[in-house]
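Values in this text are rule-based calculations from the coordinates and carry no lab data. Computed from a prediction, not measured in an experiment: that's the story for all the values here. A quick note on method: Cβ atoms are made from the backbone with ideal geometry, for glycine too, and the neighbour counts reach across all protein chains shown.
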Amino acid sequence: MLDGQPVAVFQPFIDTATGQIAGVEALARLRDAHGHLHSAGPLFADPKTPAAALRKLDRAVREQAFARFHAAPPDWFLSVNISPRWIGRLRPQQALPSLKQLAGSAIDPRRVVFEITELGGASQRLAAVAARYREAGVRIAIDDFGAGYSQLDRVLALHPDILKLDMRLFQEAARGGPSGEVVKALALMAEKTGCWIIAEGVETEAELHFALECGARFVQGYLFAKPELAFFDSDAFVEHFARLRDAYVQKKLAERMRLMALRRQLAELFTQLKSDTQSRTPAVTPATYPWLLRLYQCDRHGTQITPNLEWRDGRWQADDRYLGHNWSWRPYFYHLLAEGWDERRLVLSNTYRDATTNQYCLTAGQFIDDGARLLLVDIDASGL
């Protein structure tokens, strides 16, 4: 038995293009005898909770959500959660209870999103059921995308319209570190498959900035609103979002200004280095260029032909270990080869994590000696 009355509450999705509410997610709560609301999440996570009781709660909340959504603005969408556990118990071609509820609600299916939580061991019927949802006009979202047991092939087989990044992974990534690159890669994959990205659990300005950097179409979280019984006005967060977005833009502009300043410094550095390419003791030092990590040269095919020169103990020291290594296969390097060879200009790579030192770097390069050699500089990107 469940201790409380099932209640649907709604948390808004903020459209990152307008700052307006684009839709809401229906979430389950239980109202106790004193009128207080409690999350039903722990019940769904507890294996001791009877499955029949969970199904009853799930359908009661969905029924309420459909009924109350008639009062929402006509351009909103409603997102409701669907568990693969229920799908796994369905017989082939059995009528889908969620679609029967939706049909009885008289809501346009095109305004509805079914969120399928990424649970391990989901039924093989999941793709077939998702196809039936789509035939009915409903859009499909994958919730908790990127969670520990994600299977990309299974996700792609569902042809989702929306991917909701796993909240814990997203929040960890927003704090920096390797998980940030994982989330950006997931977001890029979503973009290439035509999916919208929703960043959920956005609670801080830093998390919003990271969501925008990942190209999130919608954001959701306590930075804007907690789940509530009543709907907010569509423009309730427009001004708040505009201030946060402007702060993000100013931050990115400042980053761009630093990058432009770096390019000017690099132009000066390369002018000095090109007059001293044969020396193992260049006149330049990190005192003038504090982001300077190492200097080296490759032939036009990407094979390293000089030692790495690294500043240690107050002087340049040569490291011969990488002589003869070919770097042309690295994404940042063939970018340099392609652009730099054609235009004879200084080219700066994107930020990457160095496989040897595990630090974030940039590589700048310019061809010298009529294109016979490529002069390269590795840069510490952590402070840029």
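This ranking places V182, V129 by how few other beta-carbon atoms lie within 10 Å of each, fewest first, which gives V182, V129.
The stretch between R321 and D233 holds 25.3 nm of extra length on full extension. This uses 0.36 nm per residue minus the Cα-Cα distance. Spread over its residues, the convex hull of the C-alpha atoms of the chain is 186 Å³ per residue. By other beta-carbon atoms within 10 Å, ranking I87, I21, I162 with the fewest at the front produces I87, I162, I21. Only beta bridges with both residues in the chain are counted; by DSSP, about 65 percent of them are antiparallel. Positive-end ranking of A242, A261, T288 along the dipole of the range 193-298, with charges on Cβ about the Cα centre, is headed by T288. Remark: for residue pairs K100/K192; K48/K192; K56/K192; K48/K226, the C-alpha separation exceeds 31 Å in K100/K192; K48/K192; K56/K192. Overall, the range 220-276 carries a charge dipole of about 400 debye about its Cα centre when +1 sits on the Cβ of Lys and Arg and -1 on the Cβ of Asp and Glu, all other atoms neutral. L262 sits among other residues whose Cβ lies under 14 Å from its own Cβ, and their net charge, with Lys and Arg +1 and Asp and Glu -1, is 0.
I need the helices of the chain that pass two filters: whole DSSP H segments spanning 30 Å or more by Cα along the axis, and mean Kyte-Doolittle score no lower than -1.0. Span-like helices, by this rule, are 238-274. Close amide-amide hydrogen proximity is noted between R294 and D378, each under 5 Å apart and 5 or more residues distant or on a separate chain (H modeled in the peptide plane; Pro and chain starts excluded). Rounded to the nearest whole Hz, the Karplus-based 3J(HN,Hα) values (6.51 cos²θ - 1.76 cosθ + 1.60, θ = phi - 60°) of the range 216-227 follow the sequence 4, 7, 9, 10, 8, x, 5, 4, 10, 7, 7, x, with x at glycine and proline. Placing R0 at 51 angstrom, the Cβ-Cβ distance between R132 and D32 gives a FRET efficiency of 0.85 after rounding to 0.05. Using a Gaussian network for the chain with springs between C-alpha atoms less than 10 Å apart, which of these wobbles most: R300, R85, R154? Highest fluctuation among the options: R300.
With R₀ fixed at 30 Å, the C-beta to C-beta distance from T303 to R353 puts the FRET efficiency at about 0.85. Taking the Cα centre of the chain as reference, the dipole from Cβ charges on Lys and Arg (+1) and Asp and Glu (-1) amounts to some 880 debye.
Each of V202, V7 has some number of other Cβ atoms within 10 Å of its Cβ, and from fewest to most they run V7, V202. Rounded to the nearest Hz, the phi-derived 3J(HN,Hα) couplings of the range 229-236 under the Karplus curve 6.51 cos²θ - 1.76 cosθ + 1.60 (θ = phi - 60°) are 5, 9, 7, 7, 5, 4, 9, 4, where x marks glycine and proline. Given +1 at the Cβ of Lys and Arg, -1 at the Cβ of Asp and Glu and no other charges, the dipole of the range 273-380 around its Cα centre is 80 debye to the nearest 20. Close amide H pairs (under 5 Å, H built 1.01 Å from N) link V112 with L78, R139, residues at least 5 positions away or on another chain.
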